[in-house]
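What follows is a set of notes on a single structure, which appears directly below.
The values are calculated or read from the model by the stated rules, or taken from the named source; none is laboratory data. Predicted model, so just to flag it, every value in this text is computed and none were measured. With ideal geometry, Cβ positions are generated from the backbone for all residues, glycine too; neighbour counts draw on all protein chains shown. All accessible areas refer to the heavy atoms of the entire protein, side chains included, with ligands and DNA or RNA removed. Shrake-Rupley method; radii C 1.70, N 1.55, O 1.52, S 1.80 Å.
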Amino acid sequence: MSFDLAQLRGAVARHGRVGRIVVVGHKGSAPREAGTSMLVWDTEQSGTIGGGALEFEAVAALRARLGGGAPFVERVPLGPARGQCCGGAVVLVHEVFGAAALAEIASGAHYVRRVEGVADRPLSIERAQVWGRNGMGAAGLVFEAGWLSEPMSIERVPVWIYGAGHVGRAIAEVLAPLSEVALTWIDTGPERFPQRPPERVRILPAKDIAAAARLATPEAHHLILTYSHALDLALCHALLGQQAASIGLIGSATKWVRFQRRLRALGHSDAQIARITCPIGDPRLGKEPQAIALGVASALVLTLRAEGASADKGRATA
């Protein structure tokens, strides 16, 4: 969990002044952990800090301040103050951002600012900055003596979805909010996409989507689920001819047997074809679009977070 400057800039560009709520501390049982954040604007929101009544009242309080004002800290005992069964307590920081405020935020390892309290930075905040500058990857969110330091969002992993049908829409809705994913969504025409796609998704209509796949960088993960077996095969053929982190194909066991035969006829070896995972998802969850999306997303997220944890461990021990 991190401060996603790119996401915030996009939200401000679309909606004007945007509020952000971040959980900076919690004790006992709480809906979400420190580092969880959400964005709020005049009529809608993106993300969640959980908690039902906690979020409802926090959002209302921040919306009332979208016109301007300094950051403020809210300390909420969930049981007495909100009548929630969690019984714990959370500390929230509320901030409002416009174009001018965003222009003052420099890209870097951490975003540090004073939200209340003393003028001097505590040692823990200074330490977080040093770790960030040295690439040690050790400091997460730090909130002490009114100062807040959050790690800036790392470069997101590209994920390309081909197909805006029921399954594509379900997968996009699940993956789009994840901070570690940069989602590109492709289909053969703009009419194929929902009128209001999820936030932070790059929509790419392309008549020749197999040719469009060549625009993907080598570290991209690909999910193929178009309305046409011919398009699916063309995409498999194209992606086997380039570097990719992973390739997933929707389909039955019978479809996969046929595709393997056709891909061999197109000149691909069994070792190359084995780069494709088919079917995608977890068959134990069912065949509904949402069930497939859950299976696909969970497998991808576990992979990405395992890779991220391994990279952080390597930096910390270097």
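In a reduced charge model with +1 at each Lys and Arg Cβ and -1 at each Asp and Glu Cβ, the chain shows a dipole moment near 620 debye about its Cα centre. Here the chain exposes an accessible surface that is 55 percent carbon and sulfur, computed with a 1.4 Å probe and the other protein chains kept in place. Where a ≥ b ≥ c are the square roots of the eigenvalues of the C-alpha gyration tensor, would you call the stretch 171-227 rounded, which needs a/c under 1.5, or, failing that, prolate if a/b is larger than b/c, or oblate? Since a/c reaches 1.5 but b/c is at least a/b, the shape of the stretch 171-227 is classed as oblate.
With the simple spin-label model, which puts each label point 7 Å out from Cα in the Cβ direction, the Ile203 to Glu44 separation comes to 1.1 nm. For the listed peptides 238-245, 190-197, a ranking on the average number of other beta carbons within 10 Å per residue, highest first, reads 238-245, 190-197. Charged side chains reduced to their Cβ positions (Lys and Arg at +1, Asp and Glu at -1) give the stretch 150-211 a dipole of some 180 debye around its Cα centre. As an exercise, use a Förster radius of 51 Å and the Cβ-Cβ distance of His15 and Val130 to find the FRET efficiency, rounded to the nearest 0.05. About 0.90, to the nearest 0.05. A convex hull fitted to the Cα coordinates of the stretch 195-318 yields 153 cubic angstrom per residue. For the chain, the solvent-accessible area of protein heavy atoms averages 50 Å² per residue (probe radius 1.4 Å; ligands and nucleic acids excluded). Selection among His221, Ala182, Ala234 by position relative to the dipole of the stretch 156-235 gives Ala182 as farthest towards the positive end (Cβ unit charges, Cα centre).
On the beta carbon distance between Ser298 and Ala119, with R0 = 30 Å, the FRET formula returns roughly 0.10. Between Val24, Tyr162, Pro77, the Cα set farthest toward the positive side of the dipole of the chain (charges on each charged residue's Cβ, about the Cα centre) is that of Tyr162.
What you get for the stretch 178-318, charging only the Cβ of Lys and Arg (+1) and of Asp and Glu (-1), is a dipole of about 280 debye around the Cα centre. Other residues whose C-beta falls under 15 angstrom from the C-beta of Leu240 contribute a net charge of +3, scoring Lys and Arg +1 and Asp and Glu -1. Considering every alpha-carbon pair of the chain, the percent of pairs per 10 Å bin, from zero through the bin containing the longest distance, is 5, 22, 29, 23, 14, 6, 1, 0.
Per-residue ellipticity at 222 nm, computed for the chain from helices alone with -39500 (n - 2.57) per DSSP H run of at least four residues, works out to -11000 deg cm²/dmol.
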